[in-house]
Amino acid sequence: SCYFMNTARRQGVGGEGSRGVSTPHGGGIYRPVKDEISMVRIHPSSSLFTVSPKWIVYSQSTFTSKAYVQIASAIQYDWVKDLLPRLTDCDDEKLAGCSLEVLRQKTIEEKKQQMKTLAEQRQLMVKKSRVHKRRTTDTQVSDAKARYLARKRARAAEDG
């Protein structure tokens, strides 16, 4: 489910009847209505990436080198134009049920835990690879080399 406060319009697109701005590769840049300073993009894995609708409402954002939204729906301006003036008065903390700082801290702790788990998995894989025994011994390798050289000499004798 999406919240109306996560409404965004494609950059360069106003309300009704304004000119469209399209990108050749899809995605487009969107400005959230509540926060006109920040910019988000539709994630390439989203089905809306190639569509680039004028208006979207989203519920999940991902931050890498850029801010992306993955779970988004295309909407029409007429659906939200009456709600837009109320967005500036919206209390995010009241809607979230706790302070935004607490939510940020929870997110940071979850990311740290994920990183720790990944590091532990990598260490375990490295440890397993060190323990892995070779299937061939040095004598088996030298015996195979001797057989190869013997065959090579036998072919050379036949040809020459």
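The values are calculated or read from the model by the stated rules, or taken from the named source; none is laboratory data. Fair warning: this is a prediction, and the values are worked out from it, not measured in the lab. Using ideal geometry, Cβ is built from the backbone for each residue, glycine included, and neighbour counts are taken over all protein chains shown.
Key figures for this structure:
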{"read-out": "E101, sole failed condition from (1) surrounded by 10 or more Cβ atoms within 10 Å (Cβ to Cβ); (2) under 24 Å from the mean Cα position of the chain (by Cα); (3) assigned to a helix (DSSP H, G or I); (4) modelled with pLDDT under 90", "value": "(1)"}
{"read-out": "Test: T88 is surrounded by fewer than 18 Cβ atoms within 10 Å (Cβ to Cβ) and at pLDDT 80 or above", "value": "no"}
